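The next block holds one structure in the form of structure tokens; read it before the comments.
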There are 2 protein chains.
Amino acid sequence: MPKIVDHDQRRLELVDATWRIIARLGIESATMREIALEAGFANGALKPYFPTKDDLLTFAFGHVFNRTNERIAEVTAGQVGLAALRAFCVEVLPLDEERINEARIVIPFWQKAINDPDKARIHRDSMEQWLAAMRRYLAEARYAGAVTTAVNDAALAGQLLNLLLGAQIAAALAPEGQVELGLNEQLEGFLTLLGC
Amino acid sequence: MPKIVDHDQRRLELVDATWRIIARLGIESATMREIALEAGFANGALKPYFPTKDDLLTFAFGHVFNRTNERIAEVTAGQVGLAALRAFCVEVLPLDEERINEARIVIPFWQKAINDPDKARIHRDSMEQWLAAMRRYLAEARYAGAVTTAVNDAALAGQLLNLLLGAQIAAALAPEGQVELGLNEQLEGFLTLLGC
């Protein structure tokens with residue numbers, strides 16, 4: 001079904017154009033017209049793909065989430081316990097320009113989700129997947145003796161997730177061009193705390 | 001100077017109206033017209049106080065930050081070390097409806113700050129104040145023997161701040177009416193980790 005594949009690809013091109021525009025101009029200035037122009041589409045040619053800017057934002061968020069999950073799957077392949085947990089968190093942390101740009105997509109999505117129950121549910125379902133993965137890694141690490149704290153795994157996973165989300169804000173609001181924010185040191189510090 | 005006091009009070013009335021409207025309709029639907037209506041102002045009467053919605057949002061964010069700091073000053077008065085750190089964090093965590101509503105103001109502010117260097121600087125300066133307070137409490141707690149981890153205080157304060165910021169997102173995007181999110185358990189778990 002070559003036509004369907006082509007449509008999928010055009011959607012991804014639009015998402016990439018959306019990113020560049022949002023990163024450059026902010027979400028409010030990212031009009032459908034600007035995005036069409038950036039992607040090399042005629043004005044109005046976006047409608048069959050994304051009837052509204054809101055649909056495009058939801059798709060872009062889903063795409064960021066999927067892409068992050070693909071990277072996570074790669075780096076955690078064959079890993080368990082603390083090594084898997086570290087690799088997972090490093091992939092989510094905004095440690096380079098690409099992931100800082102992703103944070104710039106995710107924050108506007110959160111803002112929209114405050115008054116949009118469907119978007120809020122997408123966020124919560126995504127985070128529940130991550131929490132489940134982190135709890136699994138923590139249980140493995142505990143079995144291996146690398147996690148020894150009396151604090152339970154659900155609380156630890158919750159702390160770590162909020163730490164990762166807070167890091168998105170720190171990165172998106174850092175001075176232009178500043179990539180080093182001590183986030184990796186924070187992660188290593190947290191992993192150290194688990195083993196004492 | 002009774003006139004100045006009156007203007008300050010009207011600004012605060014407008015901020016309260018802005019909150020109610022944002023919490024109810026979301027930031028994009030919170031027009032200056034809606035806010036004027038909610039506050040009982042004639043349309044156009046807002047202009048002398050806040051020329052643009054952006055000015056109003058910046059003022060509202062500053063007000064949330066100041067109000068949180070006033071509550072922090074009250075609950076940490078006479079406290080030091082771990083007790084002060086706990087009281088500080090409990091005040092910042094969105095544990096009740098009032099503070100969940102504050103999270104609904106803060107997230108749109110962050111979103112605006114992504115493409116507005118002045119707002120981003122306000123955020124960073126505010127967070128630097130909080131980090132300095134947390135580092136001071138951690139140093140006191142270390143002196144008292146309540147913090148014994150080898151992880152340094154700057155990394156610990158950074159972790160804790162990101163945990164508090166991530167908690168704002170969890171709370172603002174929780175299902176309607178759900179206040180209990182395990183955030184207090186996360187905080188207590190983190191404080192336990194510091195002492196082992």
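The values are calculated or read from the model by the stated rules, or taken from the named source; none is laboratory data. For clarity, every value in this text was computed on a predicted model and none was experimentally measured. Backbone-built Cβ (ideal geometry, glycine too); neighbour counts: all protein chains shown. Just so you know, the surface numbers come from the protein's heavy atoms only, side chains and all, with ligands and any DNA or RNA stripped out. Shrake-Rupley method; radii C 1.70, N 1.55, O 1.52, S 1.80 Å.
Tabulated data for the structure shown
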{"read-out": "Per-peptide average of other Cβ atoms within 10 Å, ordering B:58-67, B:174-183 highest first", "value": "B:58-67, B:174-183"}
{"read-out": "Per-bin percent of Cα-Cα distances, the stretch B:1-150 [10 Å]", "value": "10, 33, 31, 17, 7, 2"}
{"read-out": "Dimensionless Rg over Rh [the stretch B:78-193; C-alpha; Kirkwood]", "value": "0.99"}
{"read-out": "Other-copy label distances relative to B:D54, 7 angstrom Cα-Cβ extension, nm", "value": "2.5"}
{"read-out": "With Cα atoms, 0 to 90° folded angle of helix B:2-25 axis to chain B main axis", "value": "80"}
{"read-out": "Apportionment of accessible area to carbon and sulfur, the stretch A:78-193, percent (1.4 Å)", "value": "52"}
{"read-out": "Space enclosed by the convex hull of the alpha-carbon atoms of the stretch B:25-69, per residue, Å³", "value": "80"}
{"read-out": "Label spacing, shortest first and in nm, from B:N66 to its equivalents in the remaining copies (7 angstrom along Cα→Cβ)", "value": "4.7"}
{"read-out": "Gain in span if fully extended, A:E70 to A:D118, counting 0.36 nm per residue against the direct Cα distance", "value": "14.9 nm"}
{"read-out": "Rounded to whole Hz, the Karplus (6.51, -1.76, 1.60) HN-Hα couplings of the stretch A:91-107, x for glycine and proline", "value": "5, 7, 4, x, 9, 9, 4, 4, 6, 5, 5, 5, 4, 6, 8, 5, 5"}
{"read-out": "Ascending list, in nanometres, of distances separating the B:A154 label from those of the other copies (7 Å, Cα toward Cβ)", "value": "3.7"}
{"read-out": "Protein accessible surface hidden between A and B, which excludes ligands and nucleic acids, total in Å², probe 1.4 Å", "value": "3600"}
{"read-out": "Inter-label distance, nm, simple model (7 Å from Cα along the C-beta direction), B:E97/A:Q79", "value": "4.4"}
{"read-out": "B:N184 paired with B:E13, simple spin-label distance in nm, labels 7 Å along Cα-to-beta-carbon", "value": "3.7"}
{"read-out": "Using θ = phi - 60° and Karplus 6.51 cos²θ - 1.76 cosθ + 1.60, couplings along the stretch B:47-60 (whole Hz; Gly, Pro as x)", "value": "3, x, 7, 9, x, 9, 4, 4, 4, 5, 5, 4, 5, 5"}
{"read-out": "Relative contact order [Cα under 8 Å, 6+ residues apart], chain A, whole percent", "value": "21"}
{"read-out": "Inter-chain shielding of A:114-121 (mean C-beta neighbours from other protein chains, 10 Å cut-off)", "value": "5"}
{"read-out": "25 °C / 0.890 mPa s Stokes-Einstein diffusion coefficient of the protein assembly as shown, Kirkwood radius on C-alpha pairs, µm²/s", "value": "110"}
{"read-out": "Interface residues, the stretch B:170-186 - accessible area loss of 40 Å² or more versus chain alone, probe 1.4 Å", "value": "B:L173, B:E185, B:Q186"}
